[in-house]
Amino acid sequence: MATDFWASSHYTRWIVDRATLKQARADDSAYVPEPEYLDFLTIYFANLITKLGKKLQFRQRVVATATVFFRRFYLKNSYCETDPYLVISACCYVAAKAEESPVHIKNVVTESRSVFGQAPYNVKHFPSDNSKLAEMEFYLVDDLECDLVVFHPYRTLLALCKKDSSMSPGGGNSDMPSQEAEAGELGTGIGAEDGPRFWGTGEGKLELSEVALQTAWFIINDTYRSELCLLYPPHLIAITAIYLTLVLHTPTQNSIAHLLPHSSAFNSDIPIASESPQATPQPRRSSRSSDPSSKQTQQDPISFLADLNVSLSTISTIAQEIISMYSLWNRYKEDPTAEETRNSNMGPSMGSGSPASHTSQAGVGQRSGSTPLGNTPGSVGEGGTDDSANQPTNPWPFGQGRVVTAMFLSSMLNSMREARMSDMAHPSSGRPVVVNRMLERTG
């Protein structure tokens, strides 16, 4: 694996801007009821890749690589001109090879038919012939330009943070070897001798509790439900995950509250020191302690982040995009209710041969409440359970809006492809249209 991220194809060819992403979705945007649904599709496809990866017993790193392959492929292709389900299977198949965890092509086809054929996806025409997936593999690798090395934020997270044994139960460090194995090789692409050049000269690693470190890991997992992996280098995403953990994870926030002069602005449960006449004022962060050992025990996360040689405004921008993704995700439902199922069965009303109507609201309903940011949706532990549904209502105006179901998106995808194929078969100019090779294969 390449050890220098800055010289890799990931950095030189696969970090794009928003204009490129918008251009990549230009054809699809003409066939969706609302442009917002394209953002929901990114969550929908990422969930599908995760489900298939779980069936195939993939490590999280393999699932992340498959998701990146899927995003890269659709920089050059449209949803309405291809079969995204077959592309997902091919991405998982190729990612398993790239991450040295290969699976048999027959197993991928069998599990794909099982996952995609059940509700709410109801894909009835997934090919059972292994040769179709093998053919799709060549199309995929061709569009990826054989760039199969992907750098992930996990290694940067472990390079910058360590588990605070004093804050962890039993003071053990048993999970670190498994996390390091999951993170893979030096994912940052920065050697130990080059660290100060890119990260500054901050001394030591940021100490986080085991739960906080796991939360940051989960936030990185969740970012693959957006297109951040195409927009920003992985080390910036990792630093943003650390920042969000410090700000939004309540136990971590409380543990560092004495270091933040205005921490009560984030958590109203923490009393303001100046309001109590008996309270002892906290020292400024710039104050130097006479106790040499206090520098090790009182670690300032703000100074740690400030010492990193990265743009904090960029970190703030990425954080806003992650929060926006959670807001969308909070409105997405994988398993619809009976009423939503009836609405979704109506299907989106899209006219063939014309862009989609903006009046279509099938499969969309109103949902109250939202998931607290401290317990982000989809932060799944080793047991594979998602506890976000049991969390209290978020007091912030977050995630409010119409609910979009997986069944609705599945129906919308079918309508998009039908409308696109109709347009290509009967163009307004009357001239014959060159049929996309993927349409030939999936038609």
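The values are calculated or read from the model by the stated rules, or taken from the named source; none is laboratory data. None of these values were measured; they are calculated from a predicted model. Virtual Cβ from ideal backbone geometry, glycine too; neighbours counted across all protein chains shown. We work out accessible area using only protein heavy atoms, side chains counted, and drop any ligands, DNA or RNA first. Shrake-Rupley method; radii C 1.70, N 1.55, O 1.52, S 1.80 Å.
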Checklist entry - If you find the alpha carbon centre of segment 85-129 and of segment 142-156, how far apart are they in angstrom? => result 20
Next on the checklist: Under 8 Å for C-alpha pairs, at least 6 residues apart: give me the relative contact order for segment 1-159, rounded to a whole percent.
Outcome noted: 26
Item to check | List ASP83, ASP335, ordered by accessible area with a 1.4 Å probe, largest first | outcome: ASP335, ASP83
Checklist entry - So how do 414-423, 231-240 stack up, highest first, on mean other-Cβ count within 10 Å? => result 231-240, 414-423
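For Cα pairs less than 8 Å apart in space and 6+ apart in sequence, what is the mean separation divided by the residue count of segment 1-88, i.e. the relative contact order in percent? Mind dumping the intermediate values first?
Working: 37 pairs, mean separation 31.7, N = 88.
Computed value for segment 1-88: 36 percent relative contact order.
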Checklist outcome for this item: Of the listed pairs LYS55/LYS163; LYS97/LYS205; LYS54/LYS205; LYS97/LYS162; LYS54/LYS97, those with alpha carbons more than 27 Å apart are LYS55/LYS163; LYS97/LYS205; LYS54/LYS205; LYS97/LYS162
Checklist outcome for this item: Rg (one decimal) and Dmax (whole number) from the Cα set of segment 1-122, in Å, equal 15.3, 44
Checklist entry - Once amide H atoms are built 1.01 Å from N in the peptide plane, which residues 5 or more positions from GLY401, or in another chain, come under 5 Å H to H? => result ARG367
Item to check | Rounded FRET efficiency, nearest 0.05, which uses the C-beta distance separating LYS106 from ILE15 and R0 of 35 Å | outcome: 0.45
Checklist entry - Which of the lysines could a cross-linker bridge to LYS76, judged by Cα under 17 Å and excluding same-chain residues fewer than eight apart? => result LYS22
